[in-house]
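Input: a single structure, listed below in structure tokens.
The values are calculated or read from the model by the stated rules, or taken from the named source; none is laboratory data. The model shown is predicted, which means the values in this text are computed figures rather than measured ones. When we count neighbours, we look across all protein chains shown, and the Cβ atoms used for this are built from the backbone with ideal geometry, even at glycine.
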Amino acid sequence: GEQVEQRPPHLSVREGDSAVITCTYTDPNSYYFFWYKQEPGASLQLLMKVFSSTEINEGQGFTVLLNKKDKRLSLNLTAAHPGDSAAYFCAVSAYNNRIFFGDGTQLVVKP
Amino acid sequence: SVLLYQKPNRDICQSGTSLKIQCVADSQVVSMFWYQQFQEQSLMLMATANEGSEATYESGFTKDKFPISRPNLTFSTLTVNNARPGDSSIYFCSSREGGQYFGPGTRLTVL
């Protein structure tokens, strides 16, 4: 089945810096990609869903890049602030609407 | 988007007992998914549940241990049979409609 590798597992940045989280996946038939934010004790908040045809997707304060050739998905938080501190997960869907998650990145943004 | 509600939001039970977790969607959804998340780890897809058919389980999860019912398009129940301390985790239901959304989770502690 699909294998999703997420790096780094832990990331600490200063307020105002950028933070980049990257996922690689194995199934070339993957066509739907997701990024989630999870704060302690909370459920998953969908940040962005990306369809395979769009390589660059912009959200509020972040950009998601998809490189299908390299099977890589990245989340770039620009000008991170302490409120961005949380766990971030990528997820990939190939077929049957099943999605598989990366192992997560614990992001800490220091003031 | 779809709103998902889960009940209970947390439970504590003794080893060997069974418990049920309910998931209700605010609109009809074709597929519901159940995920397990151990503390600060990734989410593991347990099973996919469609109305009127038996749930499809992922490797490592069985019908005997985690029976799932899906009686209609807005409701699903996950049962944890013969609960063990190793089952202590958070259980999320999820649906795919319009994106991949998650319920608030049920935190289970097995003593």
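Listed values, structure above:
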item: Residue that is modelled with pLDDT of 95 or more, under 28 Å from A:Met48 (Cα atoms) and either more than 10 Å from chain A (Cβ to nearest Cβ) or touching a Gly at 6+ places or on another chain (Cβ under 9 Å) (or both), where the choices are B:Gln6, B:Gln41, B:Gln14, B:Gln28; result: B:Gln6
item: Filtered residues of segment A:25-83 (kept if outside any loop (DSSP other than H, G, I, E, B) and aromatic (Phe, Trp, Tyr)); result: A:Tyr25, A:Tyr32, A:Phe33, A:Phe34, A:Trp35, A:Tyr36, A:Phe51, A:Phe62
item: Breaking point among (1) surrounded by 16 or more Cβ atoms within 10 Å (Cβ to Cβ); (2) touching a Ser or Thr at 6+ places or on another chain (Cβ under 8 Å); (3) farther than 22 Å from B:Glu97 by Cα, for A:Pro8; result: (1)
item: Near pairs, Cβ below 8 angstrom, 6+ apart or cross-chain, from segment A:49-66 (within 14 Å of chain B (Cβ to nearest Cβ)) to any residue that is assigned to a loop (DSSP other than H, G, I, E, B); result: A:Lys49/B:Gly99; A:Lys49/B:Gln100; A:Phe51/A:Tyr31
item: Subset of segment A:93-111 [more than 10 Å from the chain's Cα centre (by Cα) and within 11 Å of chain B (Cβ to nearest Cβ)]; result: A:Ser93, A:Asn96, A:Asn97, A:Arg98, A:Ile99, A:Phe100, A:Asp103, A:Gln106
item: Pairs, first within 14 Å of another protein chain (Cβ to nearest Cβ) in segment B:65-94, second among the β-branched types (Val, Ile, Thr) and not in a loop (DSSP other than H, G, I, E, B), C-beta under 6 Å, six or more apart; result: B:Tyr91/B:Ile21; B:Tyr91/B:Thr106
